[in-house]
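Heads up, the thing below is written out as structure tokens.
The values are calculated or read from the model by the stated rules, or taken from the named source; none is laboratory data. Remember, it's a predicted structure, so these values are computed and weren't measured experimentally. Note that we place each Cβ from the backbone using ideal geometry, even for glycine, and neighbour counts take in every protein chain shown. Side chains included, ligands, DNA and RNA excluded: accessible areas come from the protein's heavy atoms. Shrake-Rupley method; radii C 1.70, N 1.55, O 1.52, S 1.80 Å.
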Amino acid sequence: MSYLLRLVVPDRPGILGAVATALGESGIDIVSVDVLERGSGVAVDDIVVDLPPGRLPDSLITASQRVPGVQVESLRPFAGPLDTHRELELLESLARAATPGPPTLAVKLLAAELPRVFHSGWAVVLSGDGEGPCEVLAASDAAPTFDGRTVPWLPLSSARLLPSEADWLPERWREMAIEMMATPFGSPRTAVVIGRSGGPAFRRSELLRLVHLAGIAASVAHLPPA
């Protein structure tokens, strides 16, 4: 079974090699590594690993923390395809889906593929004015229902992290510790929202990555087909 480890590690040469060695000595295979951010002497890495049958997930934590200074921020099951060019593949798919007029197909594709890009649980594209129920333009599998829900932070002038304890969230969502981030998509009235249950909280580096990708995606989605 695959798991996603989020590690906070000392930002020094050889640290990822030491982590890889510790995991390998425990029979754990590393599938992919994403460096999320670096600063103040530490780095935050997302590592997807395959756990051998019969091994407990806690063994991932034990193995990782054998390396001095390494902290496990979160551990959760991971399912889905992996590749090293997720963003490029998404943008290429959006370009192929571009049609004159409202980019309906492109928006649906964006919502479906963003969870894979960000190792998150789900994504939705919403439209609204903050005064009445929002409109769901597209939603991925596993997304909670926003239908009929008033989203007070729309219109959205800039990207933001959405606290999991905000008053506008249904009680059930707060119990699930749903973490979210959102950015405008084409206009302040339309936003892309990415979420996951049980953490980890989205980091600012992930938000900046979403801003960049959504900005490109909004432009690509409105291009005429080649």
Here are some conditions: (1) farther than 23 Å from ARG196 by Cα; (2) surrounded by 14 or more Cβ atoms within 10 Å (Cβ to Cβ); (3) in contact (Cβ under 8 Å) with a residue 24 or more places away in the chain; (4) not hydrophobic (A, V, I, L, M, F, W, C). PRO52 meets all but one. Which one does it not meet? (2)
Across the stretch 100-117, which residue is modelled with the highest pLDDT among those that are open to solvent by 60 Å² or more (accessible area, probe 1.4 Å), in a helix (DSSP H, G or I) and of a type outside the set (Val, Ile, Thr)? LYS108
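Per-residue answers, yes or no, for (1) in a loop (DSSP other than H, G, I, E, B); (2) more than 22 Å from PHE202 (Cα to Cα):
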position	(1), (2)
VAL8	no, no
ARG12	yes, yes
ALA18	no, yes
ALA22	no, yes
GLY27	yes, yes
ILE30	no, yes
ASP45	no, no
VAL49	no, no
What tally of residues in the stretch 27-41 results from selecting those that are under 19 Å from the mean Cα position of the chain (by Cα) and of a type outside the set (S, T, N, Q)? 7
